[in-house]
Amino acid sequence: MRAAVVVSGLAGLVLAAGALAGCAGSDGPAVPAVESSPSTAAPSAADGVATPQSSTPPASPVPSGAVNEDTGEVVGEHAVPVWDAAAKASAAHAASAAMTAFLRPELDYETWWADLEPLLTYEAAVGYSYTDPANVPASKVTGPAVVRDGDSAYLASVEVPTDAGTYTVVLVRADGDAPWLVERLNPPVAKG
């Protein structure tokens, strides 16, 4: 019963729209007739008949500097990252810089944290904010960082040798223009 009411209501709307289009006069745009038979299939390009395009305009890239109405965040077009020599070099540099900032047990917490925190993701900053620099087992980087090949241009794993063994630094980036940020500083694996 309810489906019949909805169908008859839709048919009434179609008829009313047709009647209004007929009242528009000869200067108004022509409105094609709409068939109400559900058994009639719409013509397709496969039938050799041109089909009308959707009235919804195609999606376009968000202009740089646009504001997301829901979050207030400024959004723009983002560069797609690639995993190339430049990406590897910047990941190695970011890992070395983070380890150098991390391995300073002689510093007071405020100075240590002010230098380390900008190099971390939000999640890593939450986790490492409770670290006492005096408890970090290493005190210096002892060699060049070595980037391990990965499966993603958004994620890098870098081995950094220290005086307490080799740390594995996990880095992430949001896009091709974003800096590498530390997600995790994994200490050397204990041999036993």
With bins of 5 Å, the percent of all Cα-Cα pairs of segment 85-186 per bin from 0 is 2, 14, 25, 26, 19, 9, 4, 0
Residues meeting the amide H criterion for A66 (H placed from the backbone, H to H distance under 5 Å, 5 or more places apart or on another chain) are V75
Any residue on another chain or 5+ positions along whose placed amide H is under 5 Å from the amide H of R184 is listed here as V170
Ranked on Cβ counts within 10 Å of their own Cβ, fewest leading, L119, L171, L155 go L155, L119, L171
Assertion target for R184, R173, ordered by fewest C-beta neighbours within 10 angstrom first, is R184, R173
Neighbour-count ranking for Y122, Y154 (other C-beta within 10 angstrom, fewest to most) reads Y122, Y154
Calc'd 3J(HN,Hα), segment 133-140, phi into Karplus 6.51 cos²θ - 1.76 cosθ + 1.60 (θ = phi - 60°), Hz, glycine/Pro = x, comes to x, 5, 8, 6, x, 9, 10, 7
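Coordinate-derived values only; no laboratory data. If you're wondering where the values come from, they're calculated on a predicted model, not measured in any experiment. Note: ideal-geometry Cβ built from the backbone for every residue, glycine included; neighbour counts use all protein chains shown.
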